[in-house]
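Here is the structure we will look at, set down as structure tokens.
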Amino acid sequence: MSEEYRSMWTDLGLDLEAHDALLGVLGKAYQDIYLSQKDRPEGMGYFDFVMSEVHGLRIKELLDEKETGRKIIGSYCVFVPEEIVLAANATLVGLCSGADFAMEEVERLLPRNTCALIKSSFGFKLGKVCPYLESADMIVGENTCDGKKKAYESLNSLVENLYVMDLPQVKSDRGSSLLKAEYDRFRKAVEELTGVPITAESLKQAIRTVNAKRSAVHRLSSLRKADPAPISGLDALLVNQVFFYDNPARFTESVNKICDELENRIAEKKGVFPEKTPRILVSGCPQAVPNWKLPFIVETSGAVIVGEESCVGERGTRNLTDESGETVEEMINAIVDRYFQVDCAIFTPNPERLDHIQEMVAAYKSEGVIHYGLQFCQPYLMESMTVERALEEKHIPCLRVETDYSMEDAGQLKTRVEAFIEQLR
Amino acid sequence: MRFAGIDIGSRTIELVVVDEAGEIVCCLQADTGFDPMEEARKLTNGTDYDRIMATGYGRNLFEISFDAPTVTEIKAHARGARAYFPDARTVLDIGGQDSKAIRLFENGKVKKFEMNDRCAAGTGKFLEIMAKSLGFEIEDFGREALTAGKDLNISSMCTVFAESEVTSLIAKGESRQEIARGLHASVIRRAAGMINRVSSDGDIVFTGGVAKNPCMCTLLKEKLGRRIQVPDNPQFNGALGAALLVKE
């Protein structure tokens, strides 16, 4: 690691010793989980590079952007509209929430029975190890689940620039009006932060940029329908994770490049696993970097993951924003329409999610569904029961797992997953 | 040809050998100890077989050390239960460190299963620790519990908390047998919950070392109102299943 990064991290206020430890663990995990995979697409080289520089070069790029007057906005949720951020000359980044860190300090502020994702977001702040968080000019918290809502009240005392966005919980006209009002308020807040008013032109360009990014991911997803699978679930998850960090245009280009390669693989019937390998859809809670626990277990137990019904996956990227609007107002409305369709488990009722899971099972020819629930994540754990019932009615095998970021249950989890895969054969 | 199945559990290791007709020719058991592979080697060394398959939590270690195929405990227990009860559709296995309820299709394939969570609650280990704190031998624990006229309610499923609950009941002068029965009932409540999530009617095949405990069988029958079937030597069921699977 170059000295330049070390002084950059020091300037950001990171705890260098703790940060070194984090990068050490991350590098080892990446080596063991990712680089040990066989027959990976060459295009994954780009994502390997991104991951190796995730706290280095990418942070330097963001700081360089800041030098030119651009602002950085950090988010924990797919409801924060990237289009609005980009149109006001800011960059949106996902904030770290995928690994346990500084847990003792976290548990002084949050109850033990808080989900791993929320605890992690606090851990990265308290442990001073997330350069994204420390580079951000604005941190957006959003009122999704009760855990996050209440946690933001505490986070507010740890950071100076928290902006809380309210979100509807019912898919009604009133719900959509609330989302519209909140996106208008967010737009003003972002404009105020950057000093750059959003114009019809800048917003249109932003919508196109984000749509291009989503379209590339849609293309990648659709190539995963092939048997043998041309890309592992681990690698596809990584692409979906990098979606939240990378420069949008470069990300789009890199994903499309991988897709070109995968098309050739499919034509040659070349895959990462043999034909007829059991195909699994993972559905449920988001899996943020570096949470690769479940896919690693699944793909080293004889199955391949062919889709993620998740915020870091299809729930987050489904649907493009309509590009036909001419005025800012029309385009904001189109953005509201697009995001209001996200079938997050905080909505009640949430039947669209059940439909989408079944559509994905059919589209990706998956033989079974693993419902991934983070311990103490009430919305998704509650829905896991209805998901299981709905799938059983259609004779689609479903395994509900409930876990966290620790490795203490890896053995039990592996037994369950292996038994589930035996069930599919 | 002879086929062996080895079940490397947290408490004990079982080895079963079957012949080409699937008849059991040999059953061996040893404590897992702190070096399971050494124990496994001792068991297999003196035994004559052509092919072997491993199951249980130590299966992956065995796979590496002995270059043998593996199967999960779920599939192994399902197969083993079918050897004794060809129509079995529901299997409850309670072993040393985990417990599971399995629903089978008519053809014997696993349809659905539930397993206990991370800790020892509701497993053989729980009963073992409780027997010790009440001063019973584990072999007598169930029989003693059955002599009680009623069960004292034990509210805690956590092994550590239940142990202190037991201590305070003893201090209050409550009958050891009634406390024992209460402890059995608390394990049964948990097992019944798992069974109900996978199947709502029909006979239940009860396997694993805990199935030898008569109080467990009685209370399970009372709780669910369903017939409980226990194979001979239920602790060998997983190893038997693995032996039959490698034969097939």
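Values quoted throughout were computed directly from the atomic coordinates according to the rules given, and no laboratory measurement underlies them. All values derive from a computational prediction rather than experimental measurement. Heads up, the Cβs are rebuilt from the backbone with ideal geometry, glycines too, and the neighbour counts pull from every protein chain shown.
The table below lists the values:
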| read-out | value |
| --- | --- |
| Radius 12 Å from Cβ of A:Asn264, net charge of other residues (Lys, Arg +1; Asp, Glu -1) | -1 |
| Those aspartates and glutamates that a straight Cα-Cα span of less than 14 Å connects to A:Lys148, excepting residues fewer than 8 apart in one chain | A:Asp166 |
| Mean separation of Cα contacts under 8 Å (6+ apart) over length of chain A, as relative contact order % | 17 percent |
| Two-decimal ratio, segment B:87-230, of alpha-carbon radius of gyration to 2.2 N^0.38 Å | 1.03 |
| Helix-only CD estimate at 222 nm, as mean residue ellipticity for chain A, using -39500 (n - 2.57) per DSSP H run (n ≥ 4) | -16500 deg cm²/dmol |
| Neighbour net charge for A:Phe49 - beta-carbon separation under 15 angstrom, K R +1, D E -1 | -2 |
| Spatially close lysines, pair count over chain B: Cα under 15 Å, gap of eight or more or interchain | 11 |
| Anisotropy class of chain B from Cα gyration tensor, a/c 1.5 cut | prolate |
| Nearby lysines by direct alpha-carbon distance to A:Lys150 (threshold 29 angstrom, same-chain neighbours under 8 apart not counted) | A:Lys71, A:Lys119, A:Lys125, A:Lys128, A:Lys171, A:Lys180, A:Lys188, A:Lys293 |
| For segment A:19-146: rounded, prolate or oblate by the Cα gyration tensor [a/c cutoff 1.5] | oblate |
| Least to most buried among A:Glu67, A:Glu153, A:Glu330 (fewest other Cβ within 10 Å first) | A:Glu67, A:Glu153, A:Glu330 |
| Surface/4 estimate of mean projected area, convex hull on alpha-carbon atoms of segment B:1-93, nm² | 5.8 nm² |
| Gyration tensor (alpha-carbon) shape descriptor, chain A, a/c threshold 1.5 | rounded |
| Contact order relative to length of segment A:3-191, as percent, for alpha carbon pairs under 8 angstrom and 6 or more apart | 21 percent |
| Amide proton proximity set for A:Glu142, modelled H, under 5 Å, gap of 5+ | A:Met165 |
| Relative contact order %, segment B:30-83, counting alpha carbon pairs below 8 Å whose residues are six or more apart | 27 percent |
| Net +/- balance of residues flanking A:Ile59 in space, Cβ distance below 10 Å, scoring K and R +1, D and E -1 | -2 |
